[in-house]
Amino acid sequence: MLFAIFWLLGELIHLMILAIIANAVLSILLGFGVVNYRSRFVYSLMDFLTRVTNPVLNPIRSFLPLFGNVDLSPLVAILVLQALQFVLSDVYGRLVMAGLGF
């Protein structure tokens, strides 16, 4: 049961990282005009990714200084989420070594 909880948390963090990367790539493609924003699929995809990633990115944007038109909040969010994954795996490893992992 404990393994399943830590596995699920790790997968959710991984999916959030993938969503942040997809959102950043899609916004770059929209910015350069490679993808048409008026397309229904692109609009739906961008709306979904924005709604999923904004709860993670907005708190970072509130304290991160502005660097012109470059948004560094996805990079910081990915680094923080990766660190959280490492902490979760370390906690699970220590629980297993203590005999509590089942």
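Within the group L95, L100, which residue is surrounded by 10 or more Cβ atoms within 10 Å (Cβ to Cβ) and part of a helix (DSSP H, G or I)?
On the way: L100 fails: part of a helix (DSSP H, G or I).
Result of the check over L95, L100: L95.
Name the pairs: first residue in region 90-102 and aromatic (F, W, Y), second residue modelled with pLDDT under 85 and in a loop (DSSP other than H, G, I, E, B), Cβ to Cβ under 6 Å, at least 6 apart or on different chains?
Cβ pairs passing all conditions: none.
Every residue, every condition in (1) surrounded by fewer than 11 Cβ atoms within 10 Å (Cβ to Cβ); (2) of a type outside the set (A, V, I, L, M); (3) in a helix (DSSP H, G or I); (4) within 17 Å of the chain's Cα centre (by Cα), yes or no:
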{"residue": "L29", "(1), (2), (3), (4)": "no, no, yes, no"}
{"residue": "R38", "(1), (2), (3), (4)": "yes, yes, no, no"}
{"residue": "L49", "(1), (2), (3), (4)": "no, no, yes, yes"}
{"residue": "P59", "(1), (2), (3), (4)": "no, yes, yes, yes"}
{"residue": "V91", "(1), (2), (3), (4)": "no, no, yes, no"}
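The values are calculated or read from the model by the stated rules, or taken from the named source; none is laboratory data. Since the structure is predicted, the reported quantities are computational estimates derived from the model, not experimental observations. Neighbour counts run over all protein chains shown; Cβ positions are idealised from the backbone, glycine included.
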